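Written out below as structure tokens is the structure these notes cover.
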Amino acid sequence: MPDADIDRIRALLLARPRPPELAERRKRLDALSEQSPLPQDVRTQSVSANGVPAEWTTTQDADPSRVMLYLHGGGYVSGSITSHRAMVAEAGRQAGCRTLALGYRLAPEHPFPAALRDALAGYQFLLSGGFDPSRIALAGDSAGGGLTIATMLTLRAANDRLPGCAWCISPWVDLEMTGASMTGKADIDPMIQQPYLRELAEAYLHGANPRDPMISPLHADLRGLPPLLIQCGSAETLLDDSVRLAGAAANADVAVTLEVYPDMIHVWHLFHQQLAAGRRALDAAGHFIRAALA
């Protein structure tokens, strides 16, 4: 049976089309935070994570020895701590840990590899603060999901200790956009379309090779990565990115769980306060992280 709640979200998004100007696009995504106000029991604290703007969120039952480092989505050109604040805080509540959301640099002002360098700086900030890597969950949605995998690959290449687990929501891991769902799901996903993704990729790449595994981790050898949870919707254009990433992880002997939520669009978790499926997905991610960091 179709999900009436996601139909309302879809109608809301279609009624607010993406503006052509980059500044307005960034404001539009940040405005999603107005749909999900922060619960009163969530405490926030701004911090500089080795020079990268970041924000702690904490709820009453959070284990201070566990942390989720969160990398927001937005195609590497938009999205922020603000746009994802409520979702990140709720994810931390469900996982029973603190969260550190990272405001990494955005393209086109700061193309690849700026975001990756900032993600690594955020991870090192946690290590220098005394967190054991096995008690860190690395997470992100869309571009932040691809950045999550690229960050772990870079850590592995440097022989640095990896986080205890990783959680990817609707990850963008193929900047060539070769998945069949790019066109097959185009009519039902109001969030992301192929022409827009091509604009984002051009801004982030700035001439770099889109098949570089640090840009499109679908082409990477994923061997040795920690347990991985991938969540995606059946109604999103990036569906095939998630499915293929899960397959690549499985072929590399990574413990991977793929969850496909019927009728859900790209990063439906952002609407968790209005969407039961968003709350279910955050609850499932919380269980995964609690078990992995135990």
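Ranked from the most accessible area to the least, with a 1.4 Å probe and all protein chains present, what is the order of Leu71, Leu14, Leu239? Walk me through the numbers before you get to the answer.
Details: Leu71 0, Leu14 120, Leu239 25 Å².
Largest accessible area first, the list is Leu14, Leu239, Leu71.
For region 64-124, just say rounded, prolate or oblate: build the C-alpha gyration tensor, square-root its eigenvalues into a ≥ b ≥ c, call rounded for a/c under 1.5, and beyond that prolate if a/b exceeds b/c, oblate if not. Don't jump to the answer; show the numbers that get you there.
On the way: a/c = 3.72, a/b = 1.66, b/c = 2.24.
Judged from the Cα gyration tensor, region 64-124 comes out oblate (a/c at least 1.5, b/c at or above a/b).
For the chain, the fraction of 1.4 Å probe accessible surface lying on carbon and sulfur atoms is 52 percent. In the chain, the DSSP-assigned H stretches of four residues or longer account for a calculated mean residue ellipticity at 222 nm of -12000 deg cm²/dmol, using -39500 (n - 2.57) per stretch and the full residue count as denominator.
In percent, rounded to a whole number, the relative contact order of the chain is 19, using alpha-carbon pairs under 8 Å and six or more apart. Dipole magnitude for region 20-76: computed about the Cα centre from +1 point charges on Lys and Arg Cβ and -1 point charges on Asp and Glu Cβ, it is near 180 debye. Spatially, region 131-179 and region 2-53 are offset by 22 Å when compared through their Cα centroids.
Going toward the positive end of the dipole of region 14-144, with +1 on Lys and Arg Cβ and -1 on Asp and Glu Cβ, which of Leu69, Thr58, Gly79 do you reach last? Among Leu69, Thr58, Gly79, the one farthest towards the positive end of the dipole of region 14-144 is Gly79. In the complete set of protein chains, residue-level accessible area for His287 is approximately 110 Å², probe 1.4 angstrom. Averaged over its residues, region 1-125 has an accessible area of 46 Å² per residue, based on protein heavy atoms and a 1.4 Å probe. The residues of region 166-294 have, on average, 37 Å² of accessible surface per residue, using a 1.4 Å probe with all protein chains present.
The values are calculated or read from the model by the stated rules, or taken from the named source; none is laboratory data. A quick note: this is a predicted structure, and the numbers were derived from the prediction, not measured. So basically every Cβ, Gly included, is an ideal-geometry build from the backbone, and we count neighbours across all protein chains shown. Just so you know, the surface numbers come from the protein's heavy atoms only, side chains and all, with ligands and any DNA or RNA stripped out. Shrake-Rupley method; radii C 1.70, N 1.55, O 1.52, S 1.80 Å.
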